[in-house]
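Have a look at the structure below before the remarks.
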Amino acid sequence: MSILEPASRGAGAVADIWWVMFWGALVVLAIMIVLGLYAASSRPWHAGKGLTAFILVGGIAWPTLTVLALLVYGLWLGEALLPRGDSREPYRIEVVGHQWWWEIRYPQEGGATLIDANEIHVPAGRPVDVHVTSADVIHSFWIPRMGPKIDAVPGYTNVVRIEADEPGTYRGQCSEFCGLQHAGMVLRLVAHEGDGHLDHLERLGGGSAEGADAGAGAGAAAFAENCSACHSLDATQPAADPGPSLAGLSQRAFLGAGAIANGPEGLRTWLSSHQSLKPGNLMPTFHHLEPETIEAIAAFLEERGR
Amino acid sequence: MKSETEAVERHARLSKVFGTPPGLGQLSAVNHTTVGLRFIVASLFFFVVAGILSMLIRAQLATATNDFIGPDIYNQIFTAHGTLMMFLFAIPLIEGFTLYLLPKLLGSRDLAFPRLSAYGFWCYLFGGSIVLLAVLLGHGPDSGWFMYTPLSSEPYSPGIRSDIWLLGITFVEISAISIGVEIVVTILKVRTAGMKLIWMPLFGWYLLVTAFMIIAGFPPLILGSILLELERAFGLPFFDPARGGDSILWQHLFWLFGHPEVYIIFLPGAALISTMVPPLARHPIIGYTMIVAAIVATGVISFGLWVHHMYTVGIPHLGLAFFSAASMLVAVPTGVQFFAWIATLFAGRPAMKLPMLYLFGFLIVFVMGGLTGVMVALVPFDWQVHDTHFVVAHMHYVLVGGLVFPMLAAAYYWLPHVSGRAPSGKLGVYAFWFIFIGFNLTFFIMHLTGLRGMPRRVYTYEAGLGWDIPNLVSSVGGFILSIGFAMFLMDMLIYWRLGRLSPRNPWKADTLDWAMPIPSPTYNFGSQPEITGPNPLWNQPDLGREIAAGKHYLGEVRNGWRETLAVDVVSGRPHYIILLPGPTYLPLIAGLTTAIFFASFLLKVYWMAAVGAGLSLCVYLAWAWANGAKTDPVPVAASPKGDLLPTHTGLPQAPGWWGLVFTLVADAHLFASLIFGFIYLKTIAPNWPPPFVLEVSPLLPALAIGGCLVGYLGARAARLANEAGREGMRAIGLVVSYFGGFAAAAAFVAIPWVGLEDLTAHAYAAGIAALAGYGALHALVGGIISAFVATRCAWGYVSPVRSLETRIASLWWGYTAVAAVIIGIAMFIVPAVLPS
């Protein structure tokens, strides 16, 4: 999560400017402390001569020149970070902030969209334009090692450009206060080598072949009764009252937008006690369900969420 | 000996006139010393509460995945911490020491409007109590202290929590605006003889600019709060993007207030420093004019920075460049002040006294806050650290450096003035090191926490992200800091009563606040000095004795009057004598009726709120009625030399007239914010154009605007007739303007009523309703003013000499007429010509 360990060109440039400013600030602070101590040490300045010039130089010329230089540097850098002016075709994804999870949308050729949640799969070494908006309150999309954050504002779509220099996994987190589980809105960016991100999309879309219909069996029935109003198993079809899509669930590293590691145990713990793992999240508790029913749902999700 | 007996007798006579009755009668106090100290004590109380809340925050964040406090309570706690510190500690503390010190530094006996500052205190106390009570009951606001919509809007914050913030804080802001007007008029008019504007202590310049910033900066937030409350209570969708509103509009309105706010807090801190540095350096300030220019520049630039809190909302980069430049350039006037203080130390022979230690704390902490401020003003860097703990650290360096350290220095500097006793100095030194080390331990490493990616306002975090150790260090530091503050408060309490008696003017200071016995008498000065230079006590070493001996202005008590001089704004030549009001319960009663309004609105008992508003209006009218001479005043003797000065009653330029001028300046800023909001929604918000347009007969707007113009012409005719002594014409003018006002108010209400189907359907309709409401309210108040003045005329309280009331009616109506025309343009022309 550290901006001092940049993993993209943009984040690297900002980290560089931080170190320039840090050392510069230390020098300024040292000068001010020395001046203050020296001035207070009862050394009379002869007849107060030259003190006006002292104020003009120290108070006006010095800060003016410093901030102007910094301003030009910052403007130039900011322009370079903007989502434009790259000969390479950017990869496009859409991110929608929800209380308290991230909806990830991959527009496909032909107008279809594959919907995922809380994990973003992109190619490494290629610019990615992230189109960010919100379904409810203001959130902020930020993966520190990738560079600038951008707010997810209802009614607007903002675009931020990121690019992972190397394949890898990068953590992100909502950075605009958005209510009870602001702390529980974690995001993972997986940058794949070559076309690895397409494999993910294929697996994600694969579940759709089985359709939104839950199928037969006890797990399917329990899912249909308790879950399907908010959660879809089909990456091409959102549920009517959308919670995070569960298509491709087994591929995710975490459940509940970072609340618990995914896996057989994690899934069952989440289903039975998500309100203590992530207090205030908008999913109702399942205390009224028998342990067997929860087990059936879990097994069904493991089966269908491949 | 004779002169000393005389001085003691003068003291007794003045004390009797300026005193406040004991016991419950203390509730009627209006004296600036008393009211100022009340502000200070109340703000320290809120500081302690907010400080305890911050310790809970640090306890929760000390370790990863801590379940000491859940998210619901945590969100209330950090919201309350920010809200209390900003609105109920910092601003009221500034108001408190300004009310206490300002008249003393300016050589006057009280403020321009003693009852107004008492009213301000009650509004602050009652509004703050509402917020505090809600927090203690677990119903505190929980959307963060800047209350971003739509999180704070009804769908995402149902219930009373957001309303507590919006109404409670607006209540407190009434207090801030009152004090702002109070300070401006006092500085411009209520000084001692001979105090030219350019001889005024720098404190006066600082507070003049600060008060203007309050008058200009608070109205956008008040407007925003009103609009959001209208949305929450009645569904008018100003901030809902689905219905043509825009959540970003809230951010603009909030930061239009919020950034000037930072300088509203820093400039008074700098004011204290500029007052303490010359005595401690034993040399007049170097670069007085440059500092004055720097103060004004800071005030102006501070209104061009607000967007730097909004770099990440999606505003085009080149648009941000302007705000980035302004944000950085504010370093220049700040630099001027720092170098002027250091130059003064260079020129003098600095005395290493306790306040000096705290001033060093200020130097280091504030410079660091300023440096990180320049960093976050840089757009690309801010894109990274915005809303992380880096910003939390930066902000605490600025605010604690800019206000708290100067305040601690000032507390040690002025404690002898308030209590007549001096602190020992030892505990104060220990307290300093605890505070300084604890503060830096808490907040220096917090920069790193932020750089490592920890967002602000998270109630918990995972282990292993590099956040564990810095957070633990911050928490340990926070507790050391708290111990330091506890030591400081103990030091103050102990030496308040038990310290050794302090000599007069223990710092050998140059300013008039030390030209009186300590603790200060209620009337400040036995006679108001005529000063001959910018450093009165250094220029005129005998001044203290002369003042006590009644050798200067207004040394004698007559008619039981509380008198103080009003001077010409620039030259400081005596202009007239202000007869100050004595103790009265009116401010308390007005505060209570205002509290009825706010509390009823909060509980959604709207008829009761209307009753509260009506009662408040009656109290305001009673208050205005209590003023005024029944006969034309004659000039009275003002000094032993026999100078004659008129009393203020009814004078064209009486304090009341100035008060209305600056109140209207605040009002105009609220109005400008409303117009800005309407145009902003029209041009930028999503989901425009609206599905319907305003359809009314042209007669209604004609009646609304025409009624206001008639109101103005009537009031103006009455003013001119009064000056010409034509009482019949005066009465006709007032009656005409009265009817004009009520017709206009009715027409304004009718416009949205008949012309729009559903005010809740679209922000367009809501905006029209808000504009109409503004027009109706002003026309209504105008009508009431006309009726009030007509009544006073009938009672014989107004004459060609006592013309103040007719001038006030005319001024109000002039403003209202201009506003009505602008409202008409905004309603009917703007939507047609501007693109959506």
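The values are calculated or read from the model by the stated rules, or taken from the named source; none is laboratory data. Here the structure is a predicted model, which means the values were calculated and not measured. Note that we place each Cβ from the backbone using ideal geometry, even for glycine, and neighbour counts take in every protein chain shown.
Miscellaneous remarks
Here's the yes/no breakdown for (1) touching a Gly at 6+ places or on another chain (Cβ under 9 Å); (2) under 30 Å from B:Asp387 (Cβ atoms):
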{"site": "B:Val429", "(1), (2)": "no, no"}
{"site": "B:Phe436", "(1), (2)": "yes, yes"}
{"site": "B:Pro455", "(1), (2)": "no, yes"}
{"site": "B:Thr460", "(1), (2)": "yes, yes"}
{"site": "B:Gly466", "(1), (2)": "yes, yes"}
{"site": "B:Gly477", "(1), (2)": "yes, yes"}
{"site": "B:Trp496", "(1), (2)": "no, no"}
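- The stretch A:61-88 - residue that is farther than 24 Å from B:Trp383 by Cβ and more than 8 Å from chain B (Cβ to nearest Cβ) and, of those, farthest from the chain's Cα centre (by Cα): A:Ala61
- The stretch A:124-171 holds strands (runs of 3 or more DSSP E) entirely within its bounds, and those carrying 2 or more residues that are touching a Phe, Trp or Tyr at 6+ places or on another chain (Cβ under 7 Å) and more than 8 Å from chain B (Cβ to nearest Cβ) map to A:128-134.
- Selection from the stretch B:135-156 of residues that are free of Cβ contacts under 8 Å to residues at least 24 places away in the same chain and part of a loop (DSSP other than H, G, I, E, B): B:Leu137, B:Leu151, B:Pro155, B:Tyr156
- Of the residues B:Leu197, B:Leu207, B:Leu253, the single one that is surrounded by 24 or more Cβ atoms within 10 Å (Cβ to Cβ), farther than 18 Å from B:Trp165 by Cβ, in contact (Cβ under 8 Å) with a residue 60 or more places away in the chain and not aromatic (Phe, Trp, Tyr) is B:Leu207.
- Helices (runs of 4 or more DSSP H) wholly inside the stretch B:230-335 that include at least 2 residues being away from every other protein chain (no Cβ under 12 Å) and of a type in the set (A, V, I, L, M): B:247-281, B:288-301
- Index of the failed condition, B:Phe405 passing every other in (1) part of a helix (DSSP H, G or I); (2) touching a residue at least 12 places away in the same chain (Cβ under 8 Å); (3) over 25 Å from B:Arg38 (Cβ atoms); (4) within 14 Å of another protein chain (Cβ to nearest Cβ): (3)
- Selection status of B:Ala721, free of Cβ contacts under 8 Å to residues at least 24 places away in the same chain and aliphatic (A, V, I, L, M): yes
- Of all the listed residues (B:Ala463, B:Ala422), the sole one being surrounded by fewer than 19 Cβ atoms within 10 Å (Cβ to Cβ) and more than 13 Å from chain A (Cβ to nearest Cβ) is B:Ala422.
- Filter pass, A:Leu114 being surrounded by 20 or more Cβ atoms within 10 Å (Cβ to Cβ), facing chain B (nearest Cβ under 9 Å), over 19 Å from A:Ser8 (Cβ atoms) and touching a residue at least 40 places away in the same chain (Cβ under 8 Å): no
- Subset of the stretch A:123-145 [buried (at least 23 other Cβ atoms within 10 Å of the Cβ) and farther than 22 Å from B:Arg456 by Cα]: A:Val128, A:Val130
- Of the residues making up the stretch B:93-134, those that are in a helix (DSSP H, G or I) and closer than 21 Å to B:Leu267 by Cβ number 17.
- Some residue of the stretch A:249-266 being modelled with pLDDT of 90 or more and within 21 Å of A:Ala112 (Cα to Cα): yes
- Boolean, A:Gly58 is of a type in the set (Gly, Ala, Ser) and either more than 10 Å from chain B (Cβ to nearest Cβ) or surrounded by fewer than 24 Cβ atoms within 10 Å (Cβ to Cβ) (or both): yes
- The lone exception for B:Ala832 - which of (1) of a type in the set (Gly, Ala, Ser); (2) surrounded by fewer than 18 Cβ atoms within 10 Å (Cβ to Cβ); (3) under 30 Å from B:Thr647 (Cβ atoms) it fails: (3)
- Here A:Gln99 fulfils each of the conditions (1) more than 13 Å from every other protein chain (Cβ to nearest Cβ); (2) out of contact with any Pro (no Cβ under 8 Å at 6 or more places or on another chain); (3) in contact (Cβ under 8 Å) with a residue 24 or more places away in the chain apart from (1).
- Sole exception among (1) at pLDDT below 95; (2) assigned to a helix (DSSP H, G or I) for B:Ser424, by number: (2)
- Filtering the stretch A:1-44 to residues that are modelled with pLDDT under 90 and surrounded by 18 or more Cβ atoms within 10 Å (Cβ to Cβ) leaves A:Met1, A:Ala39, A:Ala40.
Conditions (1) in contact with a Gly (Cβ under 9 Å, 6 or more places away or on another chain); (2) within 24 Å of B:Val693 (Cβ to Cβ); (3) of a type in the set (S, T, N, Q); (4) at pLDDT below 95, marked per residue:
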{"residue": "B:Ala747", "(1), (2), (3), (4)": "yes, yes, no, no"}
{"residue": "B:Ala750", "(1), (2), (3), (4)": "no, yes, no, no"}
{"residue": "B:Val754", "(1), (2), (3), (4)": "no, yes, no, yes"}
{"residue": "B:Leu759", "(1), (2), (3), (4)": "yes, yes, no, yes"}
{"residue": "B:Ile768", "(1), (2), (3), (4)": "yes, yes, no, no"}
{"residue": "B:Gly773", "(1), (2), (3), (4)": "no, yes, no, no"}
{"residue": "B:Ala776", "(1), (2), (3), (4)": "no, yes, no, no"}
{"residue": "B:Val781", "(1), (2), (3), (4)": "yes, no, no, no"}
{"residue": "B:Ile784", "(1), (2), (3), (4)": "yes, no, no, no"}
